[in-house]
Amino acid sequence: MDRSSIVLIGAGAAGSSMAIALGRAGFDIAAIASRSLASAERCAELTGCTHAGTDLEAASQLGDVVIIATPDGAIASTCRQIADSGGFRPGQLVLHLSGALGSDALLPARQAGADTLSMHPVQTLAEPIKGAELLTGAWFCLEGSNNAVTRGKAIAESISGRSIVIESSKKALYHAALCVASNYLVTLEAMAEQMLTRAGIPEENALELLMPLIRGGVENLARSGLPDALTGPISRGDAETVRKHLLVLKEGPPETVTLYAELGLETLKLAREKGRVQSERAEALTALLEEQLAQGLLTPIR
């Protein structure tokens with residue numbers, strides 16, 4: 001494919017990861033601009049780019065593809081600033097990396113004649129070098145005009161070969177799903193870590209103890225899929241073990257009991273789908289968890 005010249009606006013972790021990945025895929029990183037000169041220069045050093053600065057408008061004029069990788073709240077205003085200064089031109093592809101925003105956040109670039117695209121990498125990008133490596137296996141979710149999506153697919157193909165197209169109206173639901181899958185996983189592990197410390201496991205060992213279990217669960221999910229990857233007491237219909245969990249959890253923060261019960265009911269849906277839990281056991285678990293949520297009381301299992 002044509003290795004278009006790339007301009008990066010915003011040199012944080014996500015943008016820098018993308019620029020490194022594109023450079024490794026053979027694209028020319030023509031310019032990097034950021035409100036912080038230091039961050040632009042750091043990214044330029046990582047990508048071998050010779051043009052780094054703080055003039056967003058001048059940088060934007062140097063590329064066939066302009067990536068606006070600022071925080072979500074600054075994407076629209078940054079795009080407007082560049083457009084008002086004549087930084088965009090017809091034929092450019094202007095894209096952002098936000099999962100929550102649609103391509104309409106780039107309306108000023110579209111009005112200047114550019115193709116506009118939301119191109120969200122489905123990956124956590126906390127550090128540029130590692131992020132660039134992770135992008136080689138990531139999916140890219142695309143939303144924009146037909147021509148912009150076609151060009152976005154070609155870029156994704158060069159990095160990982162994985163892309164999917166979504167409607168603009170579905171972006172919020174899509175992004176919420178990713179937050180549940182990724183961000184809330186971290187929250188759940190924090191909750192599990194707190195439980196372990198209450199159980200007498202030293203805090204410095206708790207996460208270390210959990211990590212092999214987490215990795216095994218992810219590998220099992222990749223290998224077996226849903227719902228077959230589900231394991232544990234609810235998947236077996238073991239209401240007595242769940243009751244013991246609830247009893248001991250009541251000695252701690254009440255929100256932990258509530259979250260455990262709510263997640264238990266969702267897990268029970270998967271267990272039923274998996275077909276390994278007998279109907280009467282499933283009914284006992286449902287009654288136990290629903291009563292906990294409704295009244296905060298634990299009753300003997302019938």
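Of the residues making up region 272-295, not a single one is within 20 Å of LEU188 (Cβ to Cβ), touching a residue at least 24 places away in the same chain (Cβ under 8 Å), open to solvent by 90 Å² or more (accessible area, probe 1.4 Å) and part of a helix (DSSP H, G or I).
When residues in region 107-129 are screened for being under 16 Å from the mean Cα position of the chain (by Cα), surrounded by fewer than 22 Cβ atoms within 10 Å (Cβ to Cβ) and touching a residue at least 24 places away in the same chain (Cβ under 8 Å), 4 of them pass.
The lone criterion from (1) polar (S, T, N, Q); (2) open to solvent by 70 Å² or more (accessible area, probe 1.4 Å); (3) in contact (Cβ under 8 Å) with a residue 24 or more places away in the chain; (4) over 15 Å from ALA30 (Cβ atoms) left unmet by THR78 is number (2).
Could you tell me which of the residues SER103, SER16, SER4, SER98 is open to solvent by 10 Å² or more (accessible area, probe 1.4 Å) and among the hydroxyl-bearing types (Ser, Thr, Tyr)?
Values: SER103 fails: open to solvent by 10 Å² or more (accessible area, probe 1.4 Å); SER16 fails: open to solvent by 10 Å² or more (accessible area, probe 1.4 Å); SER98 fails: open to solvent by 10 Å² or more (accessible area, probe 1.4 Å).
SER4 is the lone residue from the list that is open to solvent by 10 Å² or more (accessible area, probe 1.4 Å) and among the hydroxyl-bearing types (Ser, Thr, Tyr).
Out of PHE27, PHE88, one residue alone is open to solvent by 10 Å² or more (accessible area, probe 1.4 Å) and under 18 Å from ALA156 (Cβ atoms). It is PHE27. Just one of the listed residues (VAL248, VAL218) is under 25 Å from LEU285 (Cα atoms) and either hydrophobic (A, V, I, L, M, F, W, C) or free of Cβ contacts under 8 Å to residues at least 60 places away in the same chain (or both), and it is VAL248.
Only residues that are of a type in the set (A, V, I, L, M, F, W, C), assigned to a helix (DSSP H, G or I) and more than 22 Å from CYS43 (Cβ to Cβ): list them for region 106-145, please. Outline the logic, then answer.
Initial filter on region 106-145 (of a type in the set (A, V, I, L, M, F, W, C)): 106-107, 109, 112, 114, 117, 119, 122, 125-126, 129, 132, 134-135, 138-142.
With assigned to a helix (DSSP H, G or I) added as a condition, the list becomes 106-107, 109, 129, 132, 134-135.
The one that is of a type in the set (A, V, I, L, M, F, W, C), assigned to a helix (DSSP H, G or I) and more than 22 Å from CYS43 (Cβ to Cβ): LEU107.
The values are calculated or read from the model by the stated rules, or taken from the named source; none is laboratory data. None of these values were measured; they are calculated from a predicted model. Cβ: placed from backbone, ideal geometry, glycine included. Neighbour counts: every protein chain shown. To get the accessible areas, we keep the full protein, side chains included, count just its heavy atoms, and leave off ligands, DNA and RNA. Shrake-Rupley method; radii C 1.70, N 1.55, O 1.52, S 1.80 Å.
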